[in-house]
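The values are calculated or read from the model by the stated rules, or taken from the named source; none is laboratory data. Given the structure is predicted, the values throughout are model-derived calculations rather than measurements. Cβ sites come from the backbone with ideal geometry, for glycine too, and all protein chains shown count toward neighbours. Each accessible area value is taken on the protein alone, full model and side chains, heavy atoms only, with ligands, DNA and RNA left out. Shrake-Rupley method; radii C 1.70, N 1.55, O 1.52, S 1.80 Å.
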Amino acid sequence: QVQLVESGGGLVQPGGSLRLSCAASGSYLSLNAMGWYRQAAGKERELVALITRSDSTNYADSVKGRFTISRDNAKNTVYLQMNSLKPEDTAVYYCFADTRMYGRIWGQGTHVTVSS
């Protein structure tokens, strides 16, 4: 069974930092792009950042300069370092991975709340 397990969400004050992790496990993993979406209450899911297997990255304009995505291919893990967090970053963050055999797979989501 292929799955993504996320960790690292929580409550943080404005201006603070959090680091999200997402580890893929299972058989016949061949991971291409990995990344993160988020969905705030009452809003549509939006792409936050993605990273290709060759480490090319793409960010939403709203997080450029504050968030950094990275991956460890040996561990099948993608990370999202979030700095200078704002209340508008509050959302459920979902990681995804594009696999050769299974298509796009999703994590269960992790809550990030930015509030004083």
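Every residue, every condition in (1) over 17 Å from THR77 (Cβ atoms); (2) in contact with a Lys or Arg (Cβ under 8 Å, 6 or more places away or on another chain); (3) open to solvent by 30 Å² or more (accessible area, probe 1.4 Å); (4) of a type in the set (D, E, K, R), yes or no:
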residue: GLN1; (1), (2), (3), (4): yes, no, yes, no
residue: ARG19; (1), (2), (3), (4): no, no, yes, yes
residue: LEU31; (1), (2), (3), (4): no, yes, no, no
residue: MET34; (1), (2), (3), (4): no, yes, no, no
residue: ALA49; (1), (2), (3), (4): no, no, no, no
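Quick check, is ARG45 within 13 Å of GLY109 (Cα to Cα) and open to solvent by 60 Å² or more (accessible area, probe 1.4 Å)?
The answer is yes for ARG45.
Regarding segment 91-106, can at least one residue be identified that is assigned to a loop (DSSP other than H, G, I, E, B) and either under 11 Å from the mean Cα position of the chain (by Cα) or free of Cβ contacts under 8 Å to residues at least 60 places away in the same chain (or both)?
No: zero hits.
Could you list all residues from segment 45-78 that are over 21 Å from SER25 (Cα atoms), of a type in the set (D, E, K, R) and without any contact (Cβ under 8 Å) to a residue 24 or more places away in the chain?
GLU46, ASP61, LYS64, ARG66 - these are the residues of segment 45-78 that are over 21 Å from SER25 (Cα atoms), of a type in the set (D, E, K, R) and without any contact (Cβ under 8 Å) to a residue 24 or more places away in the chain.
Could you grab me the full set of residues in segment 58-74 that are surrounded by 13 or more Cβ atoms within 10 Å (Cβ to Cβ) and either under 19 Å from GLY107 (Cβ atoms) or under 12 Å from the mean Cα position of the chain (by Cα) (or both)?
Listed by number, the residues that qualify are ASN58, TYR59, ALA60, VAL63, PHE67, THR68, ILE69, SER70, ARG71.
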